[in-house]
Amino acid sequence: HLYKSSITRSSCQPSHSMLASRGCPGVCTFCSKKTFGTKIRYFSVDRIVEEFFLLRDKYGAKDVAIWDDNFVADPDVVVAVCNQLIKRNLNISWSVEASIDVVNSTVLSSLKKAGCTYIAYGIESGSQCILDHINKRITKEKIVEVIKMTKQAGISVRGYFMFGLPGETLEDMNETIKFAMELDIELASFTLFVPLPGTTEYLRALKSGTFCDPEYYNHIIIPEFNFLNEALYVPEGMTADELLALHRKAYNRYYLRPKILFRKLLSVRSPGQMATLLKGGWTLINNLISPHK
């Protein structure tokens, strides 16, 4: 898919994933906490560090992705882990998922020194009204501040954005595309909203808009990052075709800009990376010329 092409991923190194904690203190209305809950529990610092070296030494990892909901929730743990990785010279790249509201300059500095190459933030929307609606507990000004701080620390940024929430308008979605372009981050992932059972947004979806199958989870598996051929839910005032067209537009507008393409070309370090980049570029162009229905 578009997201998994090199137009949105600069590294072709073998990547491995790990978990360092469970739980997230966030209260976003679209997120289900049925599995890991809201209380964050970390493995011990030694356990986390040892897993890094296990992945590197036994499985040949050149890049590690920490898939915790919010790895930086406890800055003391993060700094302790980073100090150990620096002391033992891990010397591979790695990445984390983080929440905008808990990041600070000390954490960013530690992450950079320990080899963290990029941070993924759940930004979700460029509309303050929608951010408030989904209880993100952040402002657009705070997002801009943290993204700038992350870039200054020398760490690339990946942002998650979402379209099609209950109550969201076409104007809100276009504001999200504009905001993403203004942030000018390395990677931008635009996804369609999927109502998760047991969440506030699932209940809202049942009461408004078009929910094509409220019991979809009984017979289909949603692909990672929610890249759907058809929208499961369409907010009131829009059609499914309009929502899917806007999703395509977001990718095309973001990645088919000269400065983004030039930046990607400069990041190429091997023939394999160039081949993957060209494949990703063709996927975007083909999507623009003959969009999937």
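Here, each number is a calculation from the coordinates, and none is a lab measurement. Given the structure is predicted, the values throughout are model-derived calculations rather than measurements. Here the Cβ is made from the backbone with ideal geometry for all residues, glycine too, and neighbour counts use every protein chain on show.
Cross-link check: pairs 140/178; 178/207; 33/140 evaluated at a Cα-Cα cut-off of 18 Å; pairs beyond the cut-off: 178/207; 33/140. Could you give me D for region 97-238, from Stokes-Einstein at 10 °C and 1.306 mPa s, where the hydrodynamic radius is the Kirkwood radius over C-alpha pairs? Units µm² s⁻¹, please. Translational diffusion coefficient: 98 µm²/s. Modelled this way, with points 7 Å down the Cα-to-C-beta line, the labels at residue 217 and residue 249 are 3.1 nm from one another. Computed over region 1-158, the alpha-carbon pair-distance distribution with 5 angstrom bins reads 2, 9, 17, 21, 20, 17, 10, 3, 1, 0, each value a whole percent. With a Cα-only, solvent-free Debye model of region 20-59, what are the log10 I(q)/I(0) values at q = 0.22, 0.25 Å⁻¹? Taking Cα atoms of region 20-59 as identical point scatterers yields -0.71, -0.78.
Rounded to the nearest Hz, the phi-derived 3J(HN,Hα) couplings of region 185-197 under the Karplus curve 6.51 cos²θ - 1.76 cosθ + 1.60 (θ = phi - 60°) are 8, 5, 10, 10, 10, 9, 10, 8, 4, 10, x, 8, x, where x marks glycine and proline. Taking the alpha carbon gyration tensor of region 174-221, multiplying each eigenvalue by 5 and rooting it gives semi-axes of 29, 13, 9 Å, largest first.
Which FRET efficiency value, to the nearest 0.05, is calculated for residue 53 and residue 101 with the Förster distance at 30 angstrom and r the Cβ-Cβ distance?
Working: r = 31 Å, r/R0 = 1.03.
Step by step, r from the Cβ atoms, then E = 0.45.
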